[in-house]
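Report on the following structure.
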Amino acid sequence: MKAVFKSIKFRLTLWYVGTLALIVISFSAALYVKLEKSHEKNIESSLEAIAQGLKNDISEAPHKMLQDILDKEKEREVPLNPVYIQVLKIGSKPAGEVAAKSNLLKGKTLPLFKTKRLAENVPLFKTISDKSIYPFPLKVIGLPVSIGTNKQYLIEAASPLRKEDDALDDLVEALFVLDPVLLIVALLGGYFLIQKTLTPVRNIVLSAKKITAEDLSHRIEAVDTKDEIGELVETFNDMISRLEKSFIQIKQFSSDVAHELKTPITAIRGMSEVILRKERPKKEYIDAFKNIVEETINMQVIIDNLLFLSRTEAQDVRYSFKTIALDEVLLEVFESMEILAKEKKVRLILSRLQQVSIKGDRNLIKRLFSNLIDNAVKYTHKGGKVEVFLERNDNFARFSVKDTGIGISKDELPYIFNRFYKADETRHRDGGGSGLGLSIVQRIAQLHKGRIDVESIPDKGSTFAVFLPIQD
Ligand SMILES: Nc1ncnc2c1ncn2[C@@H]1O[C@H](COP(=O)(O)OP(=O)(O)OP(=O)(O)O)[C@@H](O)[C@H]1O
Ligand SMILES: [Mg+2]
């Protein structure tokens, strides 16, 4: 139940209806006040017209005044509101003596205005409440009149501000009924609208719950809208696809690692068990240990390479790149590779060595050079040729290795940079590589914002070219 109150649906509806209620109520209140004010103004101006009319009558013929009042009263039957009129003498003592008054007042008297505030011909208004005259408050006008030099009168006329069956009452009644109805309709409408908008979100939640690390094949059902929800679904599905891909990669990777380390471990175990079976001459022990050391070195190389790859992939390594002369580094690597080539009876030639410097890491570049030259020598038959080039262009340095080796088939070419990938395993069983060399080369090129090109024809040879940008 608590969750319901915390849901966006509930909160949105609450806000929406709350805001609407505030608007509707303030609008109604403003409307009421405005109408009441204008109603009051209307009464005031009617009263003033009556008082002014009476004033004229009195000025013209004071003796006919009472008759006038009665006559006016007849006229006043027409309008909706009753009008009470009285005329008081105020010039002479005692002040406030009634000179004439309408029948409607029936022995009652309208309250006297304070004489001090009265000025000739200036009407004064006030609101009084006298339930014996009328059940609702009355608006009263007071208008002083002078006749000759000493006769002073005060004309008073009063009319109720509200009536039993007032139009304003109708309005209030209407608003009291209409406002809640309006709010209920808005509440229902709003709730359904929000419900409709949020249903896809609910579906996303349900689908997302089905997705686990073990089973990333689920996708959220696509909604065919191009709105925010559609975009969310698309983004979410993309994310799961990427996750699925990396999970597959991780699984593949760990099984590759296990497989790769299993071979040397099995060899070590086998050799050790055989050697331990009985007493043996010293030479056999030495040979066995030599083999074991060799296998251990293989494993160490694999582990080092893997560590290098995962460390650079985690992207938390910061290499401090310095300006390095590629030609010097290449010369160094080349000299050490010459021994290897001689052993394999492959001609290793430095065909081009231009002076070129880049910003980079000396050890990484050394590793890149040696890995590529090592591959070229390793995958070239006895008597073959490996040529090494270092050239300078406007924006980049081009390092390339061209061999006349076994080549790589078109089918295998896309995979050679993958970890542990070894093309056509049977061809170079004793080569002893782990299939990590090119992954490392590619990683190093990426770290230097460079790229690699490969061209290869099976049984003719391959050319690996690395482009490294020169930064000034
Ligand atoms: N110059 C080349 N000529 C022919 N095939 C090559 C050449 N360079 C790489 N390859 C193929 O690409 C595969 C991957 O090369 P990579 O350098 O990554 O691994 P490796 O040489 O087998 O092992 P490692 O370099 O880890 O000792 C090789 O096994 C080989 O089949
Ligand atoms: Mg290699």
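Worth pointing out:
- Residue in the stretch 396-415 that is open to solvent by 40 Å² or more (accessible area, probe 1.4 Å) and over 51 Å from the mean Cα position of the chain (by Cα) present: yes
To keep it simple, each residue is scored yes or no on (1) part of a loop (DSSP other than H, G, I, E, B); (2) open to solvent by 40 Å² or more (accessible area, probe 1.4 Å).
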residue	(1), (2)
Gly190	no, no
Leu206	no, yes
Leu216	yes, no
Gly230	no, no
Asn237	no, no
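- With respect to the stated conditions, Asp459 is at pLDDT below 95, away from ligand 2 (no atom under 16 Å from the Cβ) and under 29 Å from Thr263 (Cβ atoms).
- Screening Glu279 on (1) in a helix (DSSP H, G or I); (2) open to solvent by 80 Å² or more (accessible area, probe 1.4 Å); (3) more than 30 Å from Lys196 (Cβ to Cβ) shows it passes everything except condition (1).
- Taken over the stretch 373-395, residues that are near ligand 1 (Cβ under 9 Å from one of its atoms) and open to solvent by less than 10 Å² (accessible area, probe 1.4 Å) amount to 4.
- Qualifying residue in the stretch 400-416 (condition: away from ligand 1 (no atom under 13 Å from the Cβ) and touching a residue at least 12 places away in the same chain (Cβ under 8 Å)): no
- For the stretch 76-86, the set of residues classified as modelled with pLDDT of 65 or more and out of contact with any Phe, Trp or Tyr (no Cβ under 9 Å at 6 or more places or on another chain) consists of Asn81, Val83, Ile85, Gln86, listed by residue number.
- Taking the stretch 363-387 as the range and being among the acidic types (Asp, Glu) and more than 12 Å from ligand 2 (Cβ to nearest atom) as the test, only Glu387 passes.
- All conditions but one from (1) within 11 Å of ligand 2 (Cβ to nearest atom); (2) open to solvent by 60 Å² or more (accessible area, probe 1.4 Å) apply to Gly437; the one that does not is (2).
Residue by residue, here is whether (1) under 22 Å from the mean Cα position of the chain (by Cα); (2) more than 30 Å from Pro123 (Cβ to Cβ); (3) loosely packed, with under 11 Cβ neighbours inside 10 Å; (4) not assigned by TED's automatic domain parsing to the domain that holds Leu124 holds:
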| site | (1), (2), (3), (4) |
| --- | --- |
| Lys6 | yes, yes, yes, no |
| Tyr16 | yes, yes, no, no |
| Leu20 | no, yes, no, no |
| Ile25 | no, yes, no, no |
| Ala30 | no, no, yes, no |
| Leu35 | no, no, no, no |
| Lys41 | no, no, yes, no |
| Glu44 | no, no, no, no |
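- For Ser254, the criteria (1) open to solvent by less than 80 Å² (accessible area, probe 1.4 Å); (2) in contact with a helix residue (DSSP H, G or I) (Cβ under 7 Å, 6 or more places away or on another chain) hold in every case but one, which is (2).
- Residue check, Ser370 in contact (Cβ under 8 Å) with a residue 12 or more places away in the chain, open to solvent by 20 Å² or more (accessible area, probe 1.4 Å), under 19 Å from Leu436 (Cβ atoms) and not in a loop (DSSP other than H, G, I, E, B): yes
- Meets criteria (outside any helix (DSSP H, G or I), open to solvent by 80 Å² or more (accessible area, probe 1.4 Å), closer than 30 Å to Arg419 by Cα and out of contact with any Gly (no Cβ under 8 Å at 6 or more places or on another chain)) for Arg242: no
Here is a yes/no grid of residues against (1) in a helix (DSSP H, G or I); (2) free of Cβ contacts under 8 Å to residues at least 24 places away in the same chain; (3) of a type in the set (Lys, Arg); (4) not assigned by TED's automatic domain parsing to the domain that holds Ser38:
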position: Gln152; (1), (2), (3), (4): no, no, no, no
position: Ile155; (1), (2), (3), (4): no, no, no, no
position: Leu182; (1), (2), (3), (4): yes, no, no, yes
position: Ala186; (1), (2), (3), (4): yes, no, no, yes
position: Ile194; (1), (2), (3), (4): yes, no, no, yes
position: Ile220; (1), (2), (3), (4): no, yes, no, yes
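- Options Ser439, Ser400, Ser434: the member that is assigned by TED's automatic domain parsing to the domain that holds Lys342, under 17 Å from Ser456 (Cβ atoms) and out of contact with any His (no Cβ under 8 Å at 6 or more places or on another chain): Ser400
- Matching residues, the stretch 419-434, being open to solvent by 50 Å² or more (accessible area, probe 1.4 Å), near ligand 1 (Cβ under 9 Å from one of its atoms) and either among the β-branched types (Val, Ile, Thr) or at pLDDT 75 or above (or both): Arg419, Tyr421
- Comparison of Ser351, Ser336 shows that the only residue that is at negative phi and within 16 Å of ligand 2 (Cβ to nearest atom) is Ser336.
The values are calculated or read from the model by the stated rules, or taken from the named source; none is laboratory data. In this text the structure is predicted, and so the values were computed from the model without any measurement. Every residue, glycine among them, receives a Cβ derived from its backbone with ideal geometry; neighbour counts consider all protein chains shown. When the accessible area is computed, the model is the full protein with side chains, heavy atoms only, and any ligands, DNA or RNA have been set aside. Shrake-Rupley method; radii C 1.70, N 1.55, O 1.52, S 1.80 Å.
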